[in-house]
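**Student:** Before I ask anything, let me first share the structure, which is written out below as structure tokens.
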């Protein structure tokens, strides 16, 4: 049993110290695109930029070329992700935040190599014992991924925030990217949806959902390896913009339409009940508002629409291709008037 005082304490609820929670605290996607417009198109360049800003992919990728005495090429994957507390337990928050940051490398088909911590802490409000547990959770998850942690950066901040900047490597020939989808390809989802509404319920009521924590701390390493081994070349991870938001970005970047079979999408136990009882974050509602003009919802009811737009934290991979063990939730078809069709 862990006897660290920050794990034993019951009087401090970390989720009360953040205005949002997890990836639901992201800047809304529509607003973010307005901010980024005109700051460079991220076009692949002759000096090795394979993935940049252009398609809103999960990480930047730079081709280093072949090393001395070999024809094998290596590319570097670079990303960063951090957020406010998504659960009250500091160790679990650290684990979740680290898994979420590492996921961006896996979503590109890569392998994380080294990370640095990003920590913001209200030093006069919350004991540093909690910060230590957050960092310990991140270290343990990085160790599970075989990723070094080489320090980091910290600031005094009114809100606690934690995450990592991660550098990885990938074979350019096996790169997963969000603009490589082709019509006729099935869509697989490697984790169930619902972490957003369950986390919001946890923040509001203090109820604990161990199965949601298990999903959020589970690395996407095996899913990425399976996707690459199956020949997939198009993927993204499902985080703060929800399944529909990330699917819309993939469909837009690839010039296709994505069809979602709502009945085939897996959900965490209790997720639909949480929606029915109103535990829906503002981030999820903004996601739905953003994708609605580009989506045809068919007969999907409001609860289903909100779940499909639920702001996930450390969600699974959305892969254009079949991944062993993962449900097929739809397919890509030739581009139609709408970018996403829900059936």
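The values are calculated or read from the model by the stated rules, or taken from the named source; none is laboratory data. Here the structure is a predicted model, which is why all the values come from computation and not from measurement. As a convention, Cβ positions derive from the backbone with ideal geometry for all residues, glycine included, and neighbour counts pool all protein chains shown.
**Student:** Which of the numbered conditions does residue 252 fail, given that it passes all the others? Conditions: (1) touching a residue at least 40 places away in the same chain (Cβ under 8 Å); (2) under 18 Å from residue 193 (Cα atoms); (3) more than 18 Å from the chain's Cα centre (by Cα).
**Tutor:** The number of the failed condition is (2).
**Student:** Is it the case that region 66-75 has a residue that's surrounded by fewer than 16 Cβ atoms within 10 Å (Cβ to Cβ), free of Cβ contacts under 8 Å to residues at least 60 places away in the same chain and part of a strand (DSSP E or B)?
**Tutor:** yes
**Student:** Quick one: which residue in 331, 322 is in contact with a strand residue (DSSP E or B) (Cβ under 8 Å, 6 or more places away or on another chain) and either surrounded by 23 or more Cβ atoms within 10 Å (Cβ to Cβ) or not in a loop (DSSP other than H, G, I, E, B) (or both)? Can you show your working first?
**Tutor:** Numbers: 322 fails: either surrounded by 23 or more Cβ atoms within 10 Å (Cβ to Cβ) or not in a loop (DSSP other than H, G, I, E, B) (or both).
Criteria check complete, one pass: 331.
**Student:** Going through 146, 151, 163 one at a time, which residue ends up being over 25 Å from residue 248 (Cα atoms) and modelled with pLDDT under 95? It would help to see each step written out before you state the result.
**Tutor:** Details: 146 fails: modelled with pLDDT under 95; 163 fails: modelled with pLDDT under 95.
Unique residue meeting the criteria: 151.
**Student:** Can you name the number of the only condition in (1) under 20 Å from the mean Cα position of the chain (by Cα); (2) free of Cβ contacts under 8 Å to residues at least 12 places away in the same chain that residue 302 fails?
**Tutor:** Looking at each condition in turn, residue 302 falls short on (1).
Conditions (1) assigned to a strand (DSSP E or B); (2) surrounded by 16 or more Cβ atoms within 10 Å (Cβ to Cβ), marked per residue:
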residue: 106; (1), (2): no, yes
residue: 112; (1), (2): yes, yes
residue: 125; (1), (2): no, no
residue: 135; (1), (2): no, yes
residue: 141; (1), (2): no, yes
residue: 150; (1), (2): yes, no
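**Student:** Report, by residue number, each residue of region 277-313 that is surrounded by fewer than 16 Cβ atoms within 10 Å (Cβ to Cβ) and not in a helix (DSSP H, G or I).
**Tutor:** Once the filter is applied, which keeps residues that are surrounded by fewer than 16 Cβ atoms within 10 Å (Cβ to Cβ) and not in a helix (DSSP H, G or I), region 277-313 yields 277, 278, 298, 299, 301.
**Student:** Tell me the residue from 201, 233, 208 that is in contact with a helix residue (DSSP H, G or I) (Cβ under 7 Å, 6 or more places away or on another chain) and surrounded by fewer than 22 Cβ atoms within 10 Å (Cβ to Cβ), please.
**Tutor:** Details: 201 fails: surrounded by fewer than 22 Cβ atoms within 10 Å (Cβ to Cβ); 233 fails: in contact with a helix residue (DSSP H, G or I) (Cβ under 7 Å, 6 or more places away or on another chain).
Going through 201, 233, 208 in turn, just one is in contact with a helix residue (DSSP H, G or I) (Cβ under 7 Å, 6 or more places away or on another chain) and surrounded by fewer than 22 Cβ atoms within 10 Å (Cβ to Cβ): 208.
**Student:** Quick one: in region 211-227, of everything that is part of a helix (DSSP H, G or I) and buried (at least 23 other Cβ atoms within 10 Å of the Cβ), which residue is nearest to the chain's Cα centre (by Cα)? It would help to see each step written out before you state the result.
**Tutor:** To start, the set of residues in region 211-227 that are part of a helix (DSSP H, G or I) comprises 211-217, 221-227.
With buried (at least 23 other Cβ atoms within 10 Å of the Cβ) added as a condition, the list becomes 212, 215-216, 223-224, 227.
Values: 212: 14, 215: 12, 216: 10, 223: 14, 224: 13, 227: 17 Å.
Top of the filtered list is 216.
**Student:** In addition: Exactly one condition in (1) in the same structural domain as residue 332 (by TED's automatic domain parsing); (2) within 19 Å of residue 220 (Cβ to Cβ); (3) assigned to a helix (DSSP H, G or I) is not met by residue 191; state its number.
**Tutor:** (3)
**Student:** Also, quick follow-up: Within region 50-59, is even one residue over 21 Å from the mean Cα position of the chain (by Cα), farther than 21 Å from residue 244 by Cβ, modelled with pLDDT of 70 or more and part of a loop (DSSP other than H, G, I, E, B)?
**Tutor:** Going through region 50-59, the residues over 21 Å from the mean Cα position of the chain (by Cα) turn out to be none.
No, the conditions are met nowhere in region 50-59.
**Student:** Between 101, 80, which is assigned to a strand (DSSP E or B) and either under 29 Å from residue 181 (Cα atoms) or at pLDDT below 95 (or both)?
**Tutor:** On the way: 101 fails: assigned to a strand (DSSP E or B).
Going through 101, 80 in turn, the sole match is 80.
**Student:** Any residue at all in region 258-271 that's farther than 23 Å from residue 209 by Cα, touching a helix residue (DSSP H, G or I) at 6+ places or on another chain (Cβ under 7 Å) and without any contact (Cβ under 8 Å) to a residue 60 or more places away in the chain?
**Tutor:** No, the conditions are met nowhere in region 258-271.
**Student:** Also, I was wondering about something else. Among the residues of region 258-267, is there at least one that is modelled with pLDDT under 95 and in a loop (DSSP other than H, G, I, E, B)? First the steps, then the outcome.
**Tutor:** Let us first name the residues in region 258-267 that are modelled with pLDDT under 95, namely none.
No: region 258-267 contains no residue that is modelled with pLDDT under 95 and in a loop (DSSP other than H, G, I, E, B).
**Student:** Let me confirm something: among 304, 313, which residue is touching a helix residue (DSSP H, G or I) at 6+ places or on another chain (Cβ under 6 Å) and over 23 Å from residue 108 (Cα atoms)? Lay out the reasoning, then the answer.
**Tutor:** Details: 313 fails: over 23 Å from residue 108 (Cα atoms).
Unique residue meeting the criteria: 304.
**Student:** Can you tell me which residue among 180, 165, 173 is in a helix (DSSP H, G or I) and either free of Cβ contacts under 8 Å to residues at least 40 places away in the same chain or surrounded by fewer than 23 Cβ atoms within 10 Å (Cβ to Cβ) (or both)?
**Tutor:** Values: 180 fails: in a helix (DSSP H, G or I); 165 fails: in a helix (DSSP H, G or I).
Checking each option against the conditions leaves just 173.
**Student:** Output the qualifying pairs, or none if there are none: Cβ atoms under 6 angstrom, residues six or more apart or on different chains, first residue in region 203-218 and outside the structural domain of residue 140 (by TED's automatic domain parsing), second residue assigned to a loop (DSSP other than H, G, I, E, B).
**Tutor:** 203/21; 212/268; 215/191; 216/313; 216/314
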